[in-house]
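Bear in mind these aren't lab numbers, they're just calculated from the coordinates by the rules spelled out. Fair warning: this is a prediction, and the values are worked out from it, not measured in the lab. Quick reminder, even Gly has a Cβ in these numbers, built from the backbone with ideal geometry, and neighbours come from all protein chains shown.
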Amino acid sequence: GEERKVKDLSYGIEYGYLDVFRSDDAEKDVIGRVNIWFFDDIAHKDLLDVVFTKESIKNMIVAFVLDFSENWNFMSALNDWMVLCSEKIGQALKEVPLQEQDDLRNKLYNSVRDYKDPGQEEAQALRRRATRRVSKVGEVLNTEEMKEVKTLIPLPPGVLTINYGIPFMVICNKSDLVEAIERDKDGENRLDFIAYTLRGFCIQYAATLIYTSSKQNINIDILCDYLFHRMFDLPLIHRPDILHKDSVFLPAGYDSPKIINETYTNFVKNTTLPYDEVVKPPPKKLVRDVPILDNG
């Protein structure tokens, strides 16, 4: 469970927090706190220096929150904010010792590599048994040797090609609008193209992608649970969802170019076109001038 409080500090920045406690604790003793900083205007970019410090980036998640009511702006907004955040992260990392920088990058790499679907317990058990491989006649690899072998396993090509050592999330809000978009002419193809493009962006950074709606309570609990999973290393309890167009959830480590291409090969048209040529804003309604009659 969590307690949410938000305080408006200025026009360019807001602060809030989540108090974390165990759901089965009647006393609701706080076991952790997630500090949240909100930025909604790139013009106030200098305020990001308050958040991106050499201390804070060691335990930080950066989330880009998009709005389905303006889905044609998704990629321009993502690219603009990513460029800015990359600059601020780079500045903060300069003050962090090189070994600690490597530790941050390795931690992110390992978390992506070690992702396991929480709904496949049987498959996980089979994988655990499969790791007991014989390296020599009658000799089983010990734990330390297995760790060394595991570190040699690369990520799929195209995944986490840009590693700042900081987890990213892309949160697409107001996903209750997806149903209306789907009813539009060619709406289903447009939604597939949006998801295809977002997923292609996310895998570069191994970013989590999630669609949410506070109006319809879509993925709100999953979002909170996932944040606690990443921040406090709590168990991941929710499986990925790529089937429901309004509740997509792709945790870091699940996706890859192979999965994306297999998902959309037969659905997405014009995949080589720029995003803003496929996903366009609705045409503006013409407002006719109303003549003013003067009886004087």
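Summary table
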quantity	calculated
Cross-link table LYS28/LYS215; LYS174/LYS258; LYS245/LYS284; LYS45/LYS185, entries beyond 30 Å C-alpha to C-alpha	LYS45/LYS185
Solvent-free Debye scattering, log10 I(q)/I(0), computed from the Cα coordinates of the range 56-116 at q = 0.18, 0.20, 0.21, 0.26 Å⁻¹	-0.81, -0.91, -0.94, -1.08
R0 of 41 Å, Cβ-Cβ distance ILE42-ASP117: FRET efficiency to nearest 0.05	0.70
Pair SER214, ASP102: separation of 7 Å Cα→Cβ label points (nm)	4.4 nm
Residue-span extension gain [LEU155 to GLN91] - 0.36 nm each, minus C-alpha spacing	20.3 nm
